[in-house]
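Below is one structure, written out as structure tokens; the observations come after it.
The values are calculated or read from the model by the stated rules, or taken from the named source; none is laboratory data. Predicted model, so just to flag it, every value in this text is computed and none were measured. All Cβ positions, even for glycine, are placed from backbone atoms using ideal geometry, and neighbour counts span all protein chains on display. Ligands, DNA and RNA are excluded from the accessible area calculation, which covers all protein heavy atoms including side chains. Shrake-Rupley method; radii C 1.70, N 1.55, O 1.52, S 1.80 Å.
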Amino acid sequence: MIKLKSSKAKAVPYFCEFMKKKIYADNAATTSIDEIALQKMLEFLRNDYGNASQPYSFGRIAKKAIGESREQIASFIGALPEEIYFTSCGTESDNWAIKNVPHYKTIITSSIEHHAVLNACKAISNSTQIITLQVEKDGLINCGELDRALHQLSLVQKPVLVSIMTANNEIGTIQPIKRLAEIAHSYGAIFHTDAVQAIGHIDINVRDLNVDMLSASAHKFNGPKGVGFLYVKKGVALNPFIDGGAQENGMRAGTENVASIVGMSVALKNNIDSLKQNAIYVSELENQLIQHLNLSHLDYIRNGNENHIPGNINISIKNADGEMILHRMDLKGICISTGSACDSVNSQVSHVIKALGIDDSYAQGTIRISLGKNNTPE
Ligand code: PLP
């Protein structure tokens, strides 16, 4: 039997006490699981655990659940069920879209994409030309810049993939995706968007936006971690991500994560059903917090654009140290972020904040507070 050392035994009750009091304000990093989604997942983990590839009725229960989840998710974003491929996360969806479109010689992306896109591009940069568009001070892509880049490439007739995120994970800025996709298509390019921060928080319809591929991740909309999806418009050529069995129409082999797929569709349904109310509620909390910040006479600038993901507050405080603020907030049981959570081992100013050209005296003092539907005015 393993005995706990006495110091650890004491630490546990303290930690529990702390967790009870915590204020979670880092919803752009991840969200709490939707209770109904969790209950549904437990059914598939405990009882209906059959393998969806088996033809007997126990296996068919799982297969049916996957099919229904696919139909439901497709209907929420205006896609066809056969255009939805389940993946293990947003990072996988991005990697699939970036690395597996055949014949493409050039990728145009932006300087503020998530590392899932930027590093996927870097990994193939020996064989593919990567063009990185800079952003405006508020994080917006200049549509004219995309047009110019595509125009130059069209002179040498290179097949192009454009990958621009729907909303940024650090500053929340929402890009004019419909217009950007329109420009890309006018030059015969394929358009992918990383919608990981957007799905479940703002209206997304792939037909209306006219995007060719779109990445999503369940844990950003109160679903479980370790599951996501990639939308691929019918007719868009894409190589399989993993070879093996016939799952996901032979495009992404491996026994399906049934419980998580079901949990993802239930969580998305619940978020979309209350999308407008959530947005109004969270924006109200956001305004209250900004009012309080302003009363404090803090010398800070707010980063991003007015058109942003509800609840995202990214600020840079003059002569402050974001890392230190994070740890001092942590001692008070408050979870916030500097830069993005995926960068938390790295105390340098994030690539997004650098791309905005924020003055050095403010940049180091950047924090992100991301409110969600479970936060309260208190
Ligand atoms: N893309 C964006 C914009 C994100 O914010 C994240 C996660 O923070 C990812 C991709 C990666 O998603 P996942 O954590 O599901 O791999």
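Brief remarks on what is shown
- Using the Cβ-Cβ distance between residue 158 and residue 273 with R0 = 45 Å, the FRET efficiency computed as 1/(1 + (r/R0)^6) comes to roughly 0.55.
- With every protein chain in place, the chain: carbon and sulfur % of accessible area (1.4 Å): 54
- Summarising the amide proton neighbourhood of residue 131: residues at separation of 5 or more, or on other chains, whose placed amide H is nearer than 5 Å comprise 107, 108, 109.
- A cut-off under 12 angstrom between Cβ atoms defines the neighbours of residue 42, and their net charge, with Lys, Arg +1 and Asp, Glu -1, is -1.
- Dipole magnitude (debye, nearest 20) for the chain, charges at Cβ of Lys, Arg, Asp, Glu: 940
- Placing +1 on the Cβ of every Lys and Arg and -1 on the Cβ of every Asp and Glu, with nothing else charged, gives region 107-180 a dipole about its Cα centre of roughly 220 debye.
- Cross-link partners of residue 220 among aspartates and glutamates (Cα-Cα below 19 Å; sequence separation of 8 or more within a chain): 26, 34, 35, 92, 94, 113, 170, 194, 203, 273, 286, 343
- For the Cα trace of region 165-277, dividing Rg by the Kirkwood Rh returns an Rg/Rh value of 0.98.
- In the chain, taking the dipole from charged Cβ atoms about the Cα centre, the farthest positive-side position among 280, 168, 59 is held by 59.
- Surface analysis of the chain yields an accessible area of 49 Å² per residue, using protein heavy atoms and a 1.4 Å probe.
- Helix-only CD estimate at 222 nm, as mean residue ellipticity for the chain, using -39500 (n - 2.57) per DSSP H run (n ≥ 4): -12500 deg cm²/dmol
- For residue 23 and residue 43, the FRET efficiency from 1/(1 + (r/R0)^6), where r spans their Cβ atoms and R0 equals 45 Å, is about 0.90.
- Region 128-201 and region 300-322 have Cα centres separated by 23 Å.
- Charge-dipole axis of the chain as Lys and Arg at +1 and Asp and Glu at -1 on Cβ define it, positive-most pick from 193, 125, 45: 45
- Put a plus charge on the Cβ of each Lys and Arg, a minus charge on the Cβ of each Asp and Glu, and nothing anywhere else: the dipole of region 168-271 about its Cα centre is then about 160 debye.
- Positive-end extreme of charge dipole, the chain - chosen from 251, 107, 320 (charges on Cβ): 251
- Whether the chain is rounded, prolate or oblate, judged on the alpha carbon gyration tensor where a/c under 1.5 counts as rounded: oblate
- Too-long pairs where the Cα-Cα distance tops 28 Å, listed order kept, from 64/269; 234/373; 40/234; 63/276: 234/373; 40/234; 63/276
- Qualifying trypsin sites (Lys or Arg not before Pro) in region 138-243, where qualification requires a DSSP coil assignment and no more than 13 other C-beta atoms within 10 Å, comprise 234.
- Annotation: the antiparallel percentage among DSSP beta bridges lying fully within the chain is about 50.
- Considering only 139, 78, 263, the mean-square fluctuation computed in a Gaussian network model of the chain, springs between alpha carbons under 10 angstrom, is largest for 78.
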